[in-house]
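Asks: Dropping a structure here in structure tokens format, bear with me for questions.
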Amino acid sequence: MPNLHRYIPMTEQDQADMLATIGVSDTEELFRDIPEAIRYRGTLPISSALDEWSLLEHMKELAGRNADTDRYKSFLGAGIYDHHLPVVINHMISRSEFYTAYTPYQPEISQGELQAIFEFQSYICMLTGMAVANASMYDGTTALAEAGALAAGATKRKQLVISRTVHPEAREMVLTMARGLNLEVVEVGYTNGVTDLDALKAAISTETAAVLIQSPNFFGAVEDLAAVEPIIHNVKGLFVVSTNPMSLGLLETPGKLGADICVGDAQPLGISMSLGGPTCGFFAVAEPLTRRMPGRIVGQTTDLDGKRGFVLTLQAREQHIRREKATSNICSNQALLALCASIYLSTMGRQGLVDVANLNLQKAHFAAEELKQHGFELAFNAPFFNEFVIKLPDGVSVKETNLKLLEAGYLGGYDLGLAYPELAGHMLIAVTEKRTRSEIESFVNRLEESVA
């Protein structure tokens, strides 16, 4: 008979022993410092305990309320995209060696995990054209905030200039970080869907630590990074670029266009949408900034026998060693999701990434042309990757339109009026390689019916 006792988290005897050790008679005494007047003595309004089968049925019912991309065709992007996930990814990351691994502080027992992270770093450097990448960040938005903090520390300046075409949530994250570090954040407007370069020039001074640009930006438009680079470098500030890694299958790397820091979210690279997260951020820098990078770096070395090995390196920048002098307070990485990205890139290969990026580009442009032929107006005519903005007819609500699309089996585009009041009535539409010609044509017809 197997010993089932070890699967019980705490027996009555365990509880009694712990209470005796700390000198209390029962668990009620642990709450004695909480005034009686604010103690809740009733019964919480929750159901009684369910057996395993009933609980599974209940959870299935709750999950069924979500509009997932198995039952609905998604044209919603805005930072999380419905890309194809090669089945090998889930198989590999479900291996217990990866799935249950914690931070690999002990290299002698963590070589597999360390090698996987090292390969992720290598892929990110290849994609971005940067010299060094770290072991990953929580997500793309926090990575951008960390980039702003790094720039302020490296330049010893107190101003960041950020474009309004950067993802609204990322801009909020930068503002939150800036308040804690007493930094000034200046937002620059846009024209024709891309950053207004004249306004950018006017906003930058010798007090500017960095310019933060997203390309493709939140509207899906490709920014002129080559034009931005001299504007900030002429005042010896840093050039920070946030990018969609999928687009780098076609676009020139930020590194070659003069970026000092390149960040983004790896979600398009084999990471499931998961109703909005978790995802995995990446962070790469030019070589002079290596020692200021937040988080961890896995380095390659040789052991006493001359064999290749991997170790965590440059940890002295972290809060558990440098404490209040640390360059960042990030305390972990997204190793499992970084592994998703590595498996995706190794599965697709160099040409495969080019091909899938091209499918995103071509299908998005096909959808845009179809919409124009059905009377919809594109809000901007700047070059775009796999997202673009359309204007709905005057007086038509994006929210109501999306509800109608949902009833027809489609996840419509993002309502830009939520983050950009001046773009009320505008919809941000994403088209990935998963969308077929017939799906695109049917979506356009349904959208036309929904606004009629």
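The values are calculated or read from the model by the stated rules, or taken from the named source; none is laboratory data. All values derive from a computational prediction rather than experimental measurement. Note that each Cβ is placed from the backbone with ideal geometry, even for glycine, and that neighbours are counted across all protein chains shown. SASA here: full protein model, heavy atoms, side chains in, ligands and nucleic acids out. Shrake-Rupley method; radii C 1.70, N 1.55, O 1.52, S 1.80 Å.
Asks: Would you mind checking which residues have amide H under 5 Å from Asp139's amide H? H placed 1.01 Å from N; only 5 or more apart, or other chain.
Replies: It is Gly281, by chain and number.
Asks: Now, a different point. Hey, can you list the DSSP H helices of the chain whose Cα span along the axis is 30 Å or longer and whose average Kyte-Doolittle score is at least 0.0?
Replies: 335-373
Asks: Further question: Loop sites only, by DSSP: take the GluC sites (Glu not before Pro) in the chain that have at most 16 other C-beta atoms within 10 Å and name the longest stretch containing none of them.
Replies: 1-206
Asks: Give a residue-ordered list of calculated ³J(HN,Hα) values for the stretch 322-332 (Karplus: 6.51 cos²θ - 1.76 cosθ + 1.60, θ = phi - 60°; whole Hz; x for Gly, Pro).
Replies: Once rounded to whole Hz, the list reads 7, 6, 5, 8, 5, 7, 7, 10, 4, 10, 7.
Asks: Ignoring ligands, DNA and RNA, what percent of the 1.4 Å accessible area of the stretch 302-444 is carbon and sulfur?
Replies: Its accessible area is 51 percent carbon and sulfur atoms.
Asks: For Lys256, list the lysines whose Cα falls under 26 Å from its own Cα; do not include residues on the same chain fewer than 8 positions away.
Replies: Qualifying lysines at Cα under 26 Å: Lys156, Lys201, Lys236.
Asks: While we're looking at this one, here's another question. If the reach is capped at under 26 angstrom between alpha carbons, list the lysines near Lys391, excluding any in the same chain fewer than eight residues apart.
Replies: Excluding near neighbours in sequence, the set is Lys73, Lys363, Lys372, Lys399, Lys404, Lys434.
Asks: Between Thr290 and Thr100, what FRET efficiency follows from the Cβ-Cβ distance if R0 is 22 Å, with the result rounded to 0.05?
Replies: It comes out at approximately 0.10.
Asks: From the square roots a ≥ b ≥ c of the eigenvalues of the alpha-carbon gyration tensor of the stretch 331-431, which class results: rounded (a/c under 1.5), prolate (a/b over b/c), or oblate?
Replies: prolate
Asks: Another question, then. Express as a percent, rounded to the nearest 5, the fraction of DSSP beta bridges in the chain (both residues included) that run antiparallel.
Replies: Of all bridge pairs located within the chain, approximately 55 percent are antiparallel.
Asks: Give the accessible surface of the chain per residue, rounded to a whole number of Å², with probe radius 1.4 Å and ligands, DNA and RNA excluded.
Replies: Accessible surface, normalised per residue, equals 51 Å².
Asks: Please give the charge dipole size of the chain, origin at the Cα centre, charges +1 on K and R Cβ atoms and -1 on D and E Cβ atoms. Round to the nearest 20 debye.
Replies: It comes to approximately 1140 debye.
Asks: Right, something else. Quick one: compute the contact order of the chain, relative version, from alpha carbon pairs under 8 angstrom and 6+ residues apart, as a percent.
Replies: For the chain, the relative contact order is 20 percent.
Asks: Working with all protein chains in place, sort Phe219, Phe380 by solvent-accessible area computed with a 1.4 Å probe, largest first.
Replies: Heavy-atom accessible area, descending, gives Phe380, Phe219.
Asks: Going from most exposed to least, what order do Met427, Met10 have by accessible area with a 1.4 Å probe?
Replies: Met10, Met427
Asks: Now for a separate question. Ordering Ile109, Ile343 by how much accessible area each has at a 1.4 Å probe, largest first, what is the list?
Replies: Descending accessible area places them as Ile109, Ile343.
Asks: On a straight-distance basis, which lysines could pair with Lys307 in a cross-link, Cα separation under 23 angstrom, same-chain partners fewer than 8 positions away excluded?
Replies: Straight-distance partners of Lys307: none at all.
Asks: For a quick check of your reading of the filter: which trypsin sites (Lys or Arg not before Pro) in the stretch 35-82 sit in a DSSP loop and have no more than 10 other Cβ atoms within 10 Å?
Replies: Filter output for the stretch 35-82: Arg39, Arg41, Arg65, Arg71.
Asks: Over the stretch 69-118, with every protein chain in place, what whole percent of the accessible area is carbon and sulfur at 1.4 Å, could you tell me?
Replies: Roughly 55 percent of what the probe reaches on the stretch 69-118 is carbon or sulfur.
Asks: Relative to the present Cα-Cα distance, how much length would full extension add between Glu400 and Ser205 at 0.36 nm per residue of separation?
Replies: Additional length available on full extension: 65.8 nm.
Asks: Which FRET efficiency value, to the nearest 0.05, is calculated for His365 and Ala63 with the Förster distance at 30 angstrom and r the Cβ-Cβ distance?
Replies: Efficiency computed from Cβ-Cβ geometry: 0.30.
Asks: Which label marks the calculated value of Rg and Dmax of the Cα atoms in Å, given the options (1) 25.2, 78; (2) 24.4, 85; (3) 22.0, 79?
Replies: Among (1) 25.2, 78; (2) 24.4, 85; (3) 22.0, 79, the one calculated here is (1).
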